[in-house]
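Written below as structure tokens is the structure these notes are about.
The values are calculated or read from the model by the stated rules, or taken from the named source; none is laboratory data. If you're wondering where the values come from, they're calculated on a predicted model, not measured in any experiment. Cβ: placed from backbone, ideal geometry, glycine included. Neighbour counts: every protein chain shown. Each accessible area value is taken on the protein alone, full model and side chains, heavy atoms only, with ligands, DNA and RNA left out. Shrake-Rupley method; radii C 1.70, N 1.55, O 1.52, S 1.80 Å.
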Amino acid sequence: QNLVCGFRGSVSHGLTLELGETVQILEKCEGKSFSRSIGIFPAGYVHLKKAVVTNRGQYETVVPLEDPIITEVTSTLQEWSVLWKQLYVKHKVDLFYKLRHVMNELIDLRRQLLSGHLTQDQVREVKRHITVRLDWGNEHLGLDLVPRKEFEMVDADQISVSDLYKMVSTVTASRWVFDVCFFIPEKFMVRLNKNGGPKNPEKVDRLCALFTVGPTTVIAMKGPPHVQYRRPYGCAVLAMTVTGSRHRDLNKIVTEMQSLWYMKLSHISPNSSSCAGLIISLQLLRGDMEQVRRENPMIFNRGVAITRKLGFPDVIMPGDIRNDLYLTLERGDFERGGKSVQKNIEVTMYVLYADGEILKECISLGSGEHSISEYRSFVLYHNNSPRWSEVIKLPIPIDRFRGSHLRFEFRHCSTKDKGEKKLFGFAFTPLMREDGTTLSDESHELYVYKCDENTTFSNHALYLGLPCCKDDFNGCPNIPSSLIFQRSTKETLWISTQLSSTKLTQNVDLLALLKWKAHPDRVMDILGRLRHVCGEEIVKFLQDILDTLFSILDDNTDKYGPLVFQSLVFIINLLRDSKFYHFRPVMDTYIQKHFAGALAYKELIRCLKWYMDRSAEVVRQDHIQEAMRALEYLFKFIVQSRILYSRATCGMEEDQFRASVQELFQSIRFVLSLDSRSSETLIFTQAALLNSFPAIFDELLQMFTVQEVAEFVRGTLGSMPSTVHIGQSMDVVKLQSIARTVDSRLFSFPESRRILLPVVLHHIHLHLHQQKELLICSGILSSIFSIIKSSSLVHFGQCTDWLTRTCPLSDWQGEYVSCLLSLLRQMSDIHFQHLLDNFQSKEELKVNRLINFRNQAFESFILLLKYVKNIIVSTTQYLSPALHKSFTDADFDFKVWNSYFSLAVLFINQPSLQLETLTPAKRKKVFDKYGDMRVMMAYELFSMWQNLGKCFDSLSVFRLCFMTLFFYSCISLHTHRQKHKRKHSLPPEKQY
């Protein structure tokens, strides 16, 4: 419950409360409530909130049922408010005003979170701002920094000490870089009327597009009413740095010289005209299309036009069909034709099918407008070398693409009263070549053929037999001169094309593969040439290529199997390239939803095993290494193929499949067991196999039980040679593979850990014993302790034994001490007893890491939360009886006892445990959760001193020396500010 009004507690047993404080109500009676502290207060002074009680008992804590970061902001602001006032008293005015500003920002951000009206992305952004400000304030006020995960404080009881150590020791600078990636989109078109407004007023509220710097063509009318043509009027420029504004004015530039129209806008000053120009509204929406639609339904309910990227998106998912040809009408060179002035040239373009029919609505001038059947360029006044640079999209149906062609007709627009448009020439180009490939993505110089205004083009075959460009002319050199259409040698038209299609290709080799059934005798050559196809083409047609490969495999497995396997390995490794890595989800989707090769698993297993068995024979192993790198997706195909086959046959040949997998793993173990010290190529093969091996676990779990997969993995990891028989490079690869195994889903199952832990710990023990690759080993141990909540006694015994005896005294000692603390935290009475019983002699127990605790633990973990100290207290309580039992009377050992008492005194005097130095809020939080750990250690110290005193019946010189050396530690406790700690830690002098 939060106080909404302060209460002075002036009544009997009244509890004084300040505004904003939190209280726990124990009982409510006649309008007054009883708090846990000691008193009563009016019930109307508080606002009730739902909460849960944790750690019930003496140190229980009440936690509100709200977002943890809201709770943290509330408690932090209360703590800061006290320190903030002290800053003013101490004349730290600059920090005083800065902190006040940050506190006001936190209050506003907290209010935004509580409103509940934010999207998920907005909530994450607000939380990010909150944590940045919290960390800034804590750092400047000298308070503890808080380890976080996903912007929220971590619960020390829910994570291992190793993970906590990583969070605290790794200083991560939060850098949020907003990388706005611009691409060239399709044109967005709006027709304006003569007054400058939209021709369709209903579209005004639907113009939600992100504009890049580019020209805007304005429609203008001129000439007789029955003749219309387009003239360039002006262009507008908007820099992308101003996209944060809602409304922007675009200065209009009237182009007095028409030659400037096609120039880059960098040559045009945006302030060259004082005209009012255009006014547009911009809104930047973040996220992918589905997310934007979900978070902004009102925008899309009004029929917003989607402007697509001029080309392919970053990822093309299966089922995403597209077939758009973008054509840029670049420029032309024309003759005067005997006229004294230059022409006013207009280009008309049609898309025609093989039978001469004009394809309807296959031309798009830009998103936001309906497709049309005829395109007309704008007209430049008296210009025989016009530069248009207009981009047109041709969304031609795939079934109509083959056999279609483009025809460009050139007309002179007269300025006389009649305003006639006279046809004087034309050009054309087919969309697809004879070999089935489409126009290449480049600039094309087209021939211009002469004609007159009476030409009707009723018979398109009359010109389709003519060469359309220079390359086409080289293919048909003998052209009769008596044809109706004669080429104008001094006139040309330049266009450029860009194809965005998931079904049509410009690559001959790829087209031959997709149409392999037309040439079955060339299949071997076609498969061999797949490696020469560029990666961009392969990922565009990924689904079609994979379907084709498995179709060829089904046609003749014995003949084409190895080549299909090589082609599949090539494609899989192509997706490992960073340039195409984001296409891996496309491959996953294909395997799960579109793959239909039910018999493919047999040949894939056979080929993979054949490659592995030859690793000891061949010298060049490039093809074997490629297969090892593709292991993950090869197993995906194998498992999915087996699932399809089992589903179709009701589980037939299950035993044969299991036997083949068993044999495959025998080959894997054979490769890893080879001595690679004398063969560099074999080292690379083994490294490729180890890198890919952990990625196949999830696939195996679909077909085998957890125990069976764990046995496969244990046998494989156990087949690797020891560190003595492999080089340092393979040492690193081996441990990295083990680390990925520990981080895998397989290791999260308790039944698999019982199988895998012994072999994992065996390899770690060998490296710890030889002090090799200590950082990787510490990471593996840290991951193990992050996963394991409880384990078998044997495994705890192994871990404890190795950590206490081989804990490296090196730069990585902090990591290993954190692992040891993680282990001690999880150990029970039985585990501690097992540890003590396993020491073979008192000498081993004597050299245990008590000294290491004293010298390293407190220094390395000074920034860790208090619960680390609690672990040390608990461990000391377990070790005390063993110490008393083994090193008293005749076995008294000065070094052991001195280490123990020094450790206890050092623990009690730690600055981080002195609750008096903490702020009231921090002190209450620590005390409620852990109590005063100094008192706990003081009780333990007193108990051990009492036990030791019983052995001092006959004082010897040696024992007197021990008491003299320990006297200094006693003095430090006698002078402690806490009287009850002095009382419990040191008994009255009469006991000495």
With the crude spin-label approximation of a point 7 Å out along Cα→Cβ, what separation in nm comes out for residue 286 versus residue 333? 5.1 nm
Could you give the length gained on full extension between residue 529 and residue 471, defined as 0.36 nm per residue of separation minus the Cα-Cα distance, in nm? 18.4 nm
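If you take the beta carbon distance between residue 372 and residue 594 as r and set R0 to 41 Å, what does 1/(1 + (r/R0)^6) give as a FRET efficiency, to the nearest 0.05? Don't jump to the answer; show the numbers that get you there.
Values: r = 36 Å, r/R0 = 0.88.
E between residue 372 and residue 594, to the nearest 0.05, is 0.70.
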For segment 654-785: rounded, prolate or oblate by the Cα gyration tensor [a/c cutoff 1.5]: oblate
Cut-off 14 Å between beta-carbons: net charge of the residues surrounding residue 471, Lys and Arg +1, Asp and Glu -1: -3
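Can you tally the net charge around residue 101? Count Lys and Arg as +1, Asp and Glu as -1, for every other residue whose Cβ sits under 14 Å from the Cβ of residue 101.
Numbers: positive: 98, 100, 133; negative: 94, 105, 108.
Taking every other residue near residue 101 into account, the sum is 0.
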Per-residue HN-Hα couplings for segment 525-531 [Karplus 6.51, -1.76, 1.60; θ = phi - 60°; Hz; x = Gly/Pro]: 5, 4, 5, x, 8, 4, 5
Net charge over other residues, Cβ less than 14 angstrom from the Cβ of residue 400 (K, R count +1; D, E count -1): -2
Considering only protein heavy atoms and a probe of 1.4 Å, how much of the accessible area of segment 494-559 is carbon and sulfur, as a whole percent? 46 percent
For segment 709-719, 3J(HN,Hα) per residue [Karplus equation, 6.51 cos²θ - 1.76 cosθ + 1.60, θ = phi - 60°, Hz, x = Gly/Pro]: 5, 4, 5, 4, 5, 4, x, 5, 5, x, 7
Once amide H atoms are built 1.01 Å from N in the peptide plane, which residues 5 or more positions from residue 14, or in another chain, come under 5 Å H to H? 40
For segment 647-657, Karplus-derived ³J(HN,Hα) couplings (6.51, -1.76, 1.60; θ = phi - 60°; whole Hz; x for glycine and proline) come out as 5, 7, 10, 6, x, 5, 6, 5, 5, 5, 5
Interchain or sequence-distant (5+) residues whose placed amide H lies within less than 5 Å of the amide H of residue 46 are 4
When the charge dipole of segment 508-596 is computed with +1 at the Cβ of Lys and Arg and -1 at the Cβ of Asp and Glu, the Cα pointing farthest to the positive end, of 542, 591, 575, is that of 575
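Working out 0.36 nm times the residue gap between residue 420 and residue 101, then minus their Cα-Cα distance, what length gain in nm do you get to one decimal?
Values: separation 319, 0.36 × 319 = 114.84 nm, distance 7.23 nm.
Extra length from residue 420 to residue 101 when fully extended: 107.6 nm.
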I'd like the projected area of segment 508-596, averaged over all directions, using the convex hull of its alpha carbons. Report it in nm² with one decimal. 5.4 nm²
Label model pair residue 136, residue 932: point-to-point distance (7 angstrom along the Cα→beta-carbon line) in nm is 3.9 nm
Sparse-neighbourhood loop sites, GluC sites (Glu not before Pro) in segment 73-165 - DSSP loop, at most 15 other Cβ within 10 angstrom: 150
Using 7 Å Cα-to-Cβ label points, what is the residue 434/residue 108 separation (nm, one decimal)? 7.3 nm
